[in-house]
């Protein structure tokens, strides 16, 4: 009986540890849209996993930004892809990948002079599209 209780305790402990492990943010590009899965709080430095499911893609761009306080993720989701962005969008970093696949990108905003600790957003683009294909956020970044 004690062995059974000890085994049950060990299994419960392992399950509780796996439930507490942090989930890395994942952005998925599919059907001219991007979706997010992951935490609303991100610790620095952080990784973003991204999945590009569309095979006919000339390039997928992931951009980390902050926004003026009077703007929302809905405003961001339809911005033009051309540089410079609207003045209410403040670019922090970006990544670009070509072709279908799974990718991982690391970010550390602690040395970025443009980052003042405000919530961040992720805006998604395809290189051949005139506007963003979507945006997600806001995310709180913990030092």
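Quick note: the coordinates plus some simple rules give every number you see, no bench work behind them. What you are looking at is a predicted structure, and each value in this text was computed from that prediction instead of being measured. Cβ: placed from backbone, ideal geometry, glycine included. Neighbour counts: every protein chain shown.
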Cβ-Cβ under 6 Å pairs, at least 6 apart or on other chains, region 41-53 side farther than 15 Å from residue 139 by Cα, far side exposed (fewer than 12 other Cβ atoms within 10 Å of the Cβ): 49/104
Selection count, region 85-126, where residues are under 18 Å from the mean Cα position of the chain (by Cα), loosely packed, with under 15 Cβ neighbours inside 10 Å and under 14 Å from residue 57 (Cα atoms): 5
